[in-house]
1. How much length, in nm to one decimal, is gained on full extension between ALA149 and ARG404, taken as 0.36 nm per residue of separation minus their Cα-Cα distance?
2. Which residue, GLY138, GLY383, GLY95, has the most motion in a Gaussian network model of the chain that connects Cα atoms within less than 10 Å?
3. Nearest 10 degrees is fine. How inclined is helix 372-382 to the longest principal axis of the chain, computing both from alpha carbons?
4. Tell me, what is the percent relative contact order of the chain, built from C-alpha pairs under 8 Å that lie six or more residues apart?
5. Ignoring ligands, DNA and RNA, what accessible area per residue does the stretch 261-305 give at 1.4 Å, in Å²?
6. Quick query: amide H of PHE85 versus all other amide H atoms, modeled in the peptide plane; which residues come in under 5 Å with a sequence gap of 5 or more or a different chain?
7. Quick one: go through the stretch 309-350 and flag any residue whose amide nitrogen is under 20 Å from the point 7 Å out along the Cα-to-Cβ line of ARG140.
8. May I ask for the longest run of the chain untouched by trypsin sites (Lys or Arg not before Pro) that are loop-located per DSSP and have at most 16 neighbouring C-beta atoms (other than their own) within 10 Å?
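The values are calculated or read from the model by the stated rules, or taken from the named source; none is laboratory data. Everything numeric here is computed off the predicted structure, so don't read it as measured data. When we count neighbours, we look across all protein chains shown, and the Cβ atoms used for this are built from the backbone with ideal geometry, even at glycine. Surface accessibility is based on the protein's heavy atoms, side chains included, excluding ligands, DNA and RNA. Shrake-Rupley method; radii C 1.70, N 1.55, O 1.52, S 1.80 Å.
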Amino acid sequence: MTTPSSRPTSTDVLVVGAGPAGSAAAAWAARAGLDVVLADAATFPRDKTCGDGLTPRAIGEMKKLGLEDWLRAHTVNEGLRAHGFGQTLLLPWPGGSLPDWGSAVARTELDDHLRTVAIKSGALAIDGARAVGVRREGERVAAVALKDADGTYEIACRWLVVADGVRSPLGKLLGREWHRDTVYAVAGRSYVDSEMSDDPWISSHLELRDEQGELVPGYGWIFPLGNGSVNLGAGTLATSKRPTEVAIKPLMQTYADTIGPDFGISGELRMPTSALLPMGGAVSNVAGPNWALIGDAAACVNPLNGEGIDYGLETGRLVAEHIASGTGLGEAWRSTLVEHYGEAFSIARRLAGIATQPRVVAALGPAGMRSDWLMTLALRWMGNLVDDADRDRAARVWRWAGRRSMARDARPPFA
């Protein structure tokens, strides 16, 4: 933590939020030769509600940061084991333009390490400093007010990157709005001892049931951590028209009791937490002339699986490239988000909205789980594993569906 005498007063780039998105933005901006301050309200290391899973897309971004060896020292997984409706399927990561492996690292460790990468890249990191206000000059942000244990002070900046998570208090001060008419999620996470801690597959249960045995629109997961424990969690999908009424922590316990014998689970669920997740770019006012929202703050969360680390790392790199190149932010940044994620988010949140209806899940789930081909295709689409470089038929169909979906959206992503 900084002392009053060591507080920075100005910087080229101020990044607020030191999760994967903010740390990636800080690292890339510092590597581009810019003066960078990375601020966070928490004191590191700190926890974060998350499934801890790193998809091949996230692996690809971390490799760009030079972290492949560090990742391979942790658990490495080969793909997804999908369970549901009396079926179990092994679905390897498809590879192609992306790595063919994934991982899982507890966010307490992952975020601390990524923040260290930013520091080693040249960023000045300050923690225990909460953003509480902004000073504007016209539409530009001239400075951000931060509050720590010793009081409130300002840091002037040429550029501001907002990476303060799904609630984004700083984003709200800048005019960010979350629109709940499209799908969002309520997700919970815990840790538990398991004999499957070294399992080379992550597991997802697509048939999630509550204490009364009723089908819940959502899924459960088991992500092996290689340390004797797994990340066990559950997520439910909802919209403003079909809000979720499920208590997420009891749902996790029911899920653990149901699958416990198959996964060698023992002991109590530890550190259970939950979070509300805006998804699929369901926010407006994501940028101004010299400021931009990235990662979770911009609702860059996959509507079909709740994953956001890959988008956080990507948007951190992309916003640093914008700043370093002098192309500006504002509408240019919103257009970049739409270009990279708009079509995929639009069709994904449309499909996820259908999945909020238990009767539809009950009707389509068994048929889908009987087809390895269909589920492999679903893994690629649902797992954000179609890269811009992919030109095969599955990628073309996904993009075609995305364009059609965008054209029908009453409120497209990031609008």
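1. On the way: separation 255, 0.36 × 255 = 91.80 nm, distance 5.12 nm.
Extra length available between ALA149 and ARG404 comes to 86.7 nm.
2. For the chain, modelled as a Gaussian network with Cα springs under 10 Å, the answer is GLY138.
3. Compared with the principal axis, the helix lies near 20 degrees.
4. So the answer I get is 20 percent.
5. That works out to 30 Å² per residue.
6. GLU207
7. 319-334, by backbone N distance to the label point.
8. Between exposed loop sites, the widest span is 242-369.
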